[in-house]
Amino acid sequence: MKTIIGTKLRQEHAAFLLHSLAEHIPDAVHSRDQESCFMLVNHAAIGLFKLAFPDQAFRKNNLEVFVDDYLRDTLPTTRNINTGNSIVTDRTKT
């Protein structure tokens, strides 16, 4: 029983640290689950995506959040990420 509680606390602490980091850096940060639904969207990403608040993206996929032009640009990247490969992009150069 101690091990389960300890593991749960470590997972909660790791999640807290990740969310804290994402909210306190100036870069846009978001992560998705295996179905491409947003699971983490920080304030910088909300501004980049032109959303009013995080709930507009949370647990939703591209089709539920963005307009067609954005989808055409990001679908190849999203498909690559779903294979398990990570991609870091610099949107300030576009």
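What follows is calculated from the coordinates using simple rules that are stated; it is not laboratory data. None of these values were measured; they are calculated from a predicted model. Positions of Cβ are backbone-derived with ideal geometry, glycine not excepted, and every protein chain shown enters the neighbour counts.
Here's how it looks for R32: its modeled amide H is under 5 Å from those of M39, which are all 5 or more places away or on a different chain.
What the Cα convex hull of segment 1-45 gives, in volume per residue, is 68 Å³. In this rough spin-label picture, where each label sits 7 Å from Cα along the Cβ direction, the K60-R10 distance is 3.6 nm.
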